[in-house]
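Worksheet: the structure to be examined is printed underneath.
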Amino acid sequence: MKLSLLVGVMLLVIGFAAALAGIFDVGQQTSQAVGSEQAPLVDSLWAVAIPVISGLGLAIGGLLVGLSMGNWRHPRSHSEPGDAYVDPEGHHKVRHV
């Protein structure tokens, strides 16, 4: 198995998990820490970080999975010994019964 396929699947799973966490976090009330002025800042950064992590994980994971499943070698343009030869006009030469 290719390494890029494994990394891509892992990023897709992380992206789906972050998307689910972002969906379930929508209805939750923001936590206000008593005596802390940075709690709203941390909550707002967390609310922005979850969709970014989800989007990047899904995009990069999908790209890696798609690229790892393809065959990106150039096809041969010359024949080598042992290759089968197919006559493109051969169907005209066959005697039909």
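The values are calculated or read from the model by the stated rules, or taken from the named source; none is laboratory data. Keep in mind that what you see is a predicted model, and the values were worked out from it rather than measured. For neighbour counting, all protein chains shown are included, and Cβ atoms are generated from backbone atoms with ideal geometry for every residue, glycine included.
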The one condition in (1) surrounded by 15 or more Cβ atoms within 10 Å (Cβ to Cβ); (2) free of Cβ contacts under 8 Å to residues at least 24 places away in the same chain; (3) polar (S, T, N, Q) that S68 fails to fulfil:
(2)
Flagged in the stretch 25-64 as at pLDDT 80 or above and either among the small types (G, A, S) or farther than 30 Å from S4 by Cα (or both), in numbering order, are L45, A47, A49, S54, G55, G57, A59, G61, G62
